[in-house]
1. Being of a type outside the set (Ser, Thr, Tyr), under 23 Å from Phe147 (Cα atoms), more than 16 Å from the chain's Cα centre (by Cα) and surrounded by 14 or more Cβ atoms within 10 Å (Cβ to Cβ): is that true of Ile92 here?
2. Would you list the helices (runs of 4 or more DSSP H) that sit entirely within the range 91-138 and hold 2 or more residues that are of a type in the set (Ser, Thr, Tyr) and free of Cβ contacts under 8 Å to residues at least 12 places away in the same chain?
3. Does Ile15 satisfy the condition of being β-branched (Val, Ile, Thr), at pLDDT below 95 and in contact with a helix residue (DSSP H, G or I) (Cβ under 8 Å, 6 or more places away or on another chain)?
4. Please specify each residue of the range 79-109 satisfying the condition of being over 15 Å from Ser136 (Cα atoms) and of a type in the set (Ser, Thr, Tyr).
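The values are calculated or read from the model by the stated rules, or taken from the named source; none is laboratory data. Since we're looking at a predicted model, the values are computed, not measured. Here Cβ is always computed from backbone atoms with ideal geometry, including for glycine, and neighbour counts include all displayed protein chains.
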Amino acid sequence: MDLKVGKSIIKKNIIMLNKLIKNIKIYLLLLLIVSCTNYQTEYRDDAIREHKILYELENIDFDEEKIIEYINLECEFIEEGINDHIADDLPIYYFIDFYYIIKRNSGAEAQAVESYMEAIFNYCNFTSELEDNWESLDAREESYKKFNS
């Protein structure tokens, strides 16, 4: 009789433990979602402001949600570019260079492109990729000039 009681207590404890683990997984998932959302929210305003500056939209009443849609497309482009460079065993530095040259060739000034890239890469959660591969504005400008000569 005592053995049956012990087994039933163990089964109840296992069931309670499984429920606890399931709840912990749900809470961790929610925490991850909230933290990612907060990360993007933190850099959202910077990304919008720098986008308006780069594309000379500061004095135009433009729907911020449309700007965010465009910025999200930029995030996809950046992610794809970084992943392609990694897959091809190329340094991410090359992609940073390429991205900078694209933005400079659109007619934007060097400092504006640098500020834009910082804001966009932060918003897209690629801060470390930019910081680890940026080197300097002078280095980016040198690449830009070589490309356009």
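1. Spelling it out, it is not the case that Ile92 is of a type outside the set (Ser, Thr, Tyr), under 23 Å from Phe147 (Cα atoms), more than 16 Å from the chain's Cα centre (by Cα) and surrounded by 14 or more Cβ atoms within 10 Å (Cβ to Cβ).
2. Correct list: 127-133.
3. So Ile15 does not fit the description; no.
4. The one that is over 15 Å from Ser136 (Cα atoms) and of a type in the set (Ser, Thr, Tyr): Ser106.
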